C-alpha cells in the first residue's frame, strides 16, 4: 500500500522545521584549515614584541594606574596616553595623537584583581 499524500512517510522532509537536513548531510566536507597553510607576517611577530613592554608594565600595576580604576586606557611604552569609558573612543584618540604608534588597550579594574602573565 502506498502512503497517503499527507503522511510523514510520503514527505521528503518533516514538518518540524528541518527542511533540507538530508541535503546538509550530503555536502562534501571542506578542506581543513591548518597552520601549515599560513605564513607568519612580520607585522604580527613585531606586534607581539612591541606589546610585551606595555603588558609587563600594566601587569606590575604601578601606583599611577590607581587613578584610572574602572576606565579603559591606551598605553604606549610605560605611559597612559588616553583613558575613558569607551575603549573604541580612546583607541581613536590615541591613534590620532600618535599615528605612528600602536597603543595597547587595557581595562583597569575598580578593585584589586589578580593579573596573571602567561609566558
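Observations, loosely collected:
- Relative contact order (%) - segment 48-107, alpha-carbon pairs under 8 angstrom, separation at least six: 33
- Here segment 48-107 yields Rg over Rh of 0.93, to two decimals, using C-alpha coordinates and the Kirkwood radius.
Only the coordinates and a few stated rules stand behind these numbers; no lab work does. Quick caveat, the model's predicted, so the values are computed rather than measured.
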